[in-house]
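Participant: What follows is a single structure, and I will ask about it in a moment.
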Amino acid sequence: MIVMLMTPIQILDLKIPEKVIFIIFIILAGIALFLYIFNLIFKKSRNRSDVKFSTAELEKQHKFDTEMDNVDSEINLILQVNKNPDQVVEGD
């Protein structure tokens, strides 16, 4: 089996030695490693830029969440009144 792996590959009457195939795979692995590292670096810089303007966005999101909680509590109160109108105590 090892002898079979060390023989050159023949494609369209052109014999490609195993050294050339080995070098091509090393180059492709290097390119893949470079792209992986570049992607990690790019993700870090993108996350750092998100932190710079996140305080104003967090305030807006917090305000929106509190308003949505108020809406949810109102909806739950309406549902409770519709299910059991006798148990709901009205108050000012």
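The values are calculated or read from the model by the stated rules, or taken from the named source; none is laboratory data. Keep in mind it's a predicted model, so treat the numbers as computed, not measured. Quick reminder, even Gly has a Cβ in these numbers, built from the backbone with ideal geometry, and neighbours come from all protein chains shown. Heavy atoms of the whole protein, side chains included, go into the accessibility calculation; ligands, DNA and RNA do not. Shrake-Rupley method; radii C 1.70, N 1.55, O 1.52, S 1.80 Å.
Participant: Which of the residues that make up region 35-62 are charged (D, E, K, R), at pLDDT 70 or above and open to solvent by less than 100 Å² (accessible area, probe 1.4 Å)?
Facilitator: Lys43, Glu57
Participant: May I ask you to list pairs of residues, at least six apart or on different chains, whose Cβ atoms are under 7 Å apart, with the first in region 8-27 being of a type in the set (D, E, K, R) and the second being open to solvent by 90 Å² or more (accessible area, probe 1.4 Å) and in a helix (DSSP H, G or I)?
Facilitator: Note: pairs meeting the criteria are Glu18/Met6.
Participant: Looking only at region 1-20, which residues are of a type in the set (Val, Ile, Thr) and at pLDDT 85 or above?
Facilitator: Within region 1-20, just Val20 meets the criteria.
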